[in-house]
Every structure is written in C-alpha cells, then in structure tokens.
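Novice: Input: one structure, supplied below.
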Amino acid sequence: MDAVFRALADPTRRSLLDDLYEADGQTLTALVERLPMTRFGVMKHLKVLEEAGLVVTKRRGREKLHFLNPVPIRLVHDRWVSKYAEPWAATLSELKKNLEEE
C-alpha cells in the first residue's frame, strides 16, 4: 500500500492515471503528447505506476499499451475511507460534485 500512496503523491502520475481513465490502452507516444515533458520522463513515471500496480501493460506487436488497474485504489478506499468515513466522504463528495457542476 505504501507504493500506491507514493505513486499517487505526484501530480504528474495522477494526471497519467486520469488520462488512462479517460482512454484506456494508450501507447507511450499518446501519453507523452498530453504532458509537457520528455518521453524518458513519462517512462519513469509509468514505471513507478507499474511497480505500484496501478498500471498494467500489454504488448500488441511493436506497441506497448498501458491500462489503468483500479484494484489498488479500491483497496486503499476499502482500507482507509469506507472504514472510517464512508457516510461523511460520500456526502462531501456529492456536495463537491454538485457545486462544481453549477
């Protein structure tokens, strides 16, 4: 679980996860286009996400596709959020969503 928290602590890695949530199965080239950094920098961030289990890869010919793995995030949720503050967190999350939509 420490690796998941470490991976989620960086805003660039969270942005990569958001990109994969919107369109799963992206190549490194597609992910690099969305970020203002080098290909090597994105590869380093993806490696941290893979080591934490948040991203899994699959080869398709010469391409390496990256997929979001939501299981570790769900485990963090189950361990830390649902146990202590599910009713409060759900209410606050819904309030935030409603305020942002207006």
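The values are calculated or read from the model by the stated rules, or taken from the named source; none is laboratory data. Remember, it's a predicted structure, so these values are computed and weren't measured experimentally. Glycine gets a Cβ as well: all are built from the backbone with ideal geometry, and neighbour counts include every protein chain shown. The protein model used for the area step is the full one, side chains on, heavy atoms only, and it has no ligands, DNA or RNA in it. Shrake-Rupley method; radii C 1.70, N 1.55, O 1.52, S 1.80 Å.
Novice: Six or more apart or on different chains, Cβ atoms under 9 Å: show the pairs whose first residue is in region 11-36 and closer than 20 Å to Gly61 by Cβ and without any contact (Cβ under 8 Å) to a residue 12 or more places away in the chain and whose second is in a loop (DSSP other than H, G, I, E, B) and open to solvent by 70 Å² or more (accessible area, probe 1.4 Å).
Specialist: Once the first residue is closer than 20 Å to Gly61 by Cβ and without any contact (Cβ under 8 Å) to a residue 12 or more places away in the chain and sits in region 11-36, its partners that are in a loop (DSSP other than H, G, I, E, B) and open to solvent by 70 Å² or more (accessible area, probe 1.4 Å) give Val32/Thr38.
Novice: Taking Glu94, is it in a helix (DSSP H, G or I), surrounded by 13 or more Cβ atoms within 10 Å (Cβ to Cβ) and not polar (S, T, N, Q)?
Specialist: For Glu94, the condition - in a helix (DSSP H, G or I), surrounded by 13 or more Cβ atoms within 10 Å (Cβ to Cβ) and not polar (S, T, N, Q) - is not met.
Novice: I'd like the full set of residues that are outside any loop (DSSP other than H, G, I, E, B) and either basic (Lys, Arg) or surrounded by 12 or more Cβ atoms within 10 Å (Cβ to Cβ) (or both), limited to region 23-44.
Specialist: Correct list: Gln26, Leu28, Ala30, Leu31, Val32, Arg39, Gly41, Val42, Met43, Lys44.
Novice: Could you say whether any residue in region 2-13 is touching a Gly at 6+ places or on another chain (Cβ under 8 Å) and closer than 19 Å to Val76 by Cα?
Specialist: Looking through region 2-13, at least one residue is touching a Gly at 6+ places or on another chain (Cβ under 8 Å) and closer than 19 Å to Val76 by Cα.
Here's the yes/no breakdown for (1) part of a helix (DSSP H, G or I); (2) within 24 Å of Ala3 (Cα to Cα); (3) in contact with an Asp or Glu (Cβ under 8 Å, 6 or more places away or on another chain):
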{"residue": "Lys58", "(1), (2), (3)": "no, yes, no"}
{"residue": "Phe67", "(1), (2), (3)": "no, yes, yes"}
{"residue": "Tyr84", "(1), (2), (3)": "yes, yes, no"}
{"residue": "Leu99", "(1), (2), (3)": "yes, no, no"}
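Novice: Would you confirm whether or not region 1-8 contains a residue that is part of a loop (DSSP other than H, G, I, E, B), modelled with pLDDT under 90 and touching a helix residue (DSSP H, G or I) at 6+ places or on another chain (Cβ under 7 Å)?
Specialist: yes
Novice: Here's a follow-up. Residue by residue through region 45-78, note down the ones that are under 16 Å from Leu8 (Cβ atoms), surrounded by 13 or more Cβ atoms within 10 Å (Cβ to Cβ) and either β-branched (Val, Ile, Thr) or more than 14 Å from the chain's Cα centre (by Cα) (or both).
Specialist: Val48, Val55, Ile73, Val76
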